[in-house]
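First up is the structure itself, then whatever we jot down about it.
Read-outs throughout are calculated quantities, based only on the coordinates presented, and are distinct from any laboratory measurement. Only a predicted model underlies this, so the values are computations on that prediction, with no experimental measurement involved. Cβ placement follows ideal geometry from the backbone for every residue including glycine, while neighbour counts extend to all protein chains displayed.
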Amino acid sequence: EPFFLVSNDCTGGGTMGSVSALPLAIALHLAAAARAEEGFLQAVHGPVASAEVAPRILRVPLHRGPPLLRAHWSEHKSDEAIERGPVSFLQTASQANIMDVKAASSAPVVDIYGQIRVGTPPQEFSVAIDTGSSSLLLPSSTCSSMGCRGHNGYAANASSTARAAQIADGDGSSPQILLDIAAKPEMVSLSVSTGAAVGDLFVDRVCLGSTGDVCADTAFVRMLQMTREPFRSLPYDGVLGVGLPGGDMAADTRLNLLGNIAELGALKSNLFGVWLATEDDEDQSEITFGEPDARRMASELLWLPVTRNDAGGSPTGTWQSTMDDVAISGITRGLCSGAGCEAAFDTGTNAIGGPESFVDGILAELQIQKDCSNYESLPLLGFVFRGQTFNLERHDYVKMAGQPPECFNRFLVVDIPPPKGPLVLLGDPFLRRYYTIYDRGSMQVGVAYSNHRQRPGSPETNQEAAGRLVSYSQLNDGNQ
């Protein structure tokens, strides 16, 4: 969930040290900014052809990349070591208050990304499609930082539809509004996971997928400087946030691509479904915009209301809902308070993430041995929503690799500071097992057991597995 900073001291040739440490919350109140909004929409949405085509459904295949490499320094800080481990795209505003992100255990992982087109003529980019953030981040073609190397960069000067964007200062009573202007773009700074970037704001035509006409003019961040990590290790060019407006600059909906597409009525319905393939599937992972894919579901859907507000009452922008608790072998363990845990369905995290106490509590219950000596006896791990438990099996939350085999857990400590946190992140292990639908119209997330090719040697059908793994929990204090 990205938070952005605006630094008046930054210039195109500035340094990361000039970044302001004060977070900027940009709230869009249409009544207070009607004239600015009207002018922007006329400039941005007037010529877009997507408004003239019939609403449609779009399938965007998601490609598998190589295992993500995450760099760190050895304890002597003299040699750089490379390890493979869980990563989250969660973003934070203050350089001095970056959240603590660390892997509970190293593990090989596979990253998934899709394609978008930006500009006229279109420039194609591979982007991680992230339900945990709301804005589009692309490297600039002029960026020479180590983090930009190996990535396709957006060339504003090669697009006839590119326009600079700035943030207009409010008078104290009205909000700060993003304006589309033909002037020098606004400089912004942001932190992504354990890295940081400095960029500026542009508006251009953005289209989902490598073909098709589901497009909308959208504002985004063109990154001019990027830290070496984690950007150097990403097998894709940028990040497309498909979260809800709020919690970052996409509180102004014009930075939210799906919000702009919804306004144009380009999709049959303002929802999308995410199906992530397993290693046994022949089909590619995919995200379907405009309608859920019933073929991907092996159980009935449970619809969960989106809880959009943080502790301070501000929208977070994440697809999150209240989770009752965690269950081990069908017994709840009291890892959430009486009010429950806030849990985000996050395609931008390739692990199960959460506060240190939450992750440590799960690992203490599971007692995963690195030599895999207890692998066959590891229990079901369940996440309980509205009394219904969505279970994961040992092969979902543990990766076995090598000869002799080693077992790596798929958990990630992510301590998100208030007011946005604490937050549990249901990432890749959960999303491969369960098909998820994100409905902007009803403000709900739908969860169903996912249809996959049967595991080798398993006689169990998907429907039988759904009946075994999706269940109602026996409430307990965890002392049994």
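Each residue of the stretch 340-345 in order: what ³J(HN,Hα) in whole Hz does its phi give by Karplus 6.51 cos²θ - 1.76 cosθ + 1.60, θ = phi - 60°, with x for Gly and Pro?
Each residue's phi maps through the Karplus curve to give x, 10, 7, 10, 9, 8 Hz.
For the pair Asp371/Lys268, report the inter-label distance in nm, with labels modelled 7 Å from Cα in the Cβ direction.
Spacing of the two 7 Å Cα→Cβ label points: 5.5 nm.
When the chain is fully extended, how far beyond the present Cα-Cα distance does Ala339 get from Ser357, taking 0.36 nm per residue of separation?
Working: separation 18, 0.36 × 18 = 6.48 nm, distance 1.66 nm.
So the chain would gain 4.8 nm between Ala339 and Ser357.
Between Arg386 and Asp280, what FRET efficiency comes out of the Förster formula 1/(1 + (r/R0)^6) with R0 = 30 Å and r the beta carbon distance, rounded to 0.05?
Details: r = 30 Å, r/R0 = 1.00.
Result of the calculation: an efficiency of 0.50.
Which whole-angstrom value gives the distance between the alpha carbon centres of the stretch 351-383 and the stretch 124-159?
Cα centroid of the stretch 351-383 versus Cα centroid of the stretch 124-159: 36 Å apart.
Calculate one ³J(HN,Hα) per residue across the stretch 378-386 by plugging θ = phi - 60° into the Karplus curve 6.51 cos²θ - 1.76 cosθ + 1.60, and present them in order as whole Hz with x for glycine and proline.
5, x, 5, 10, x, 10, 9, 10, 6
Defining a contact as two alpha carbons under 8 Å apart and six or more residues distant in sequence, what relative contact order in percent does the stretch 281-413 show? Intermediate results must be reported in sequence, preceding the final value.
Working: 168 pairs, mean separation 28.5, N = 133.
Rounded, it is 21 percent for the stretch 281-413.
Under the rule of at least 5 residues apart or a separate chain, name every residue whose amide H is placed under 5 Å from the amide H of Cys336.
Placed amide hydrogens put Val326 under 5 Å from Cys336.
How about the stretch 277-308: which GluC sites (Glu not before Pro) there lie in a loop by DSSP and see at most 15 other Cβ atoms within 10 Å?
Numbers: sites: Glu279, Glu282, Glu286, Glu300; in loops: Glu279, Glu282, Glu300.
The qualifying sites are Glu279, Glu282, Glu300.
Under 5 Å between amide H atoms, partner at least 5 residues away or on a different chain: which partners does Asn350 have, H built in plane at 1.01 Å?
Amide H neighbours of Asn350: Val87, Asp428.
Full extension from Ser442 to Gln454: what is 0.36 nm times the residue separation minus their Cα-Cα distance, to one decimal in nm?
Values: separation 12, 0.36 × 12 = 4.32 nm, distance 3.32 nm.
Net length gain for the segment: 1.0 nm.
Hey, can you grab everything whose amide H is under 5 Å from the amide H of Met323? Only 5+ residues off in sequence or another chain; H modelled, so Pro and N-termini drop out.
Result for Met323 returns Cys341, Glu342, Ala343.
Provide the gained length on full extension for the span Gln403 to Arg56, in nm with one decimal, where the gain is 0.36 nm per separating residue minus the Cα-Cα distance.
Length gained between Gln403 and Arg56: 120.0 nm.
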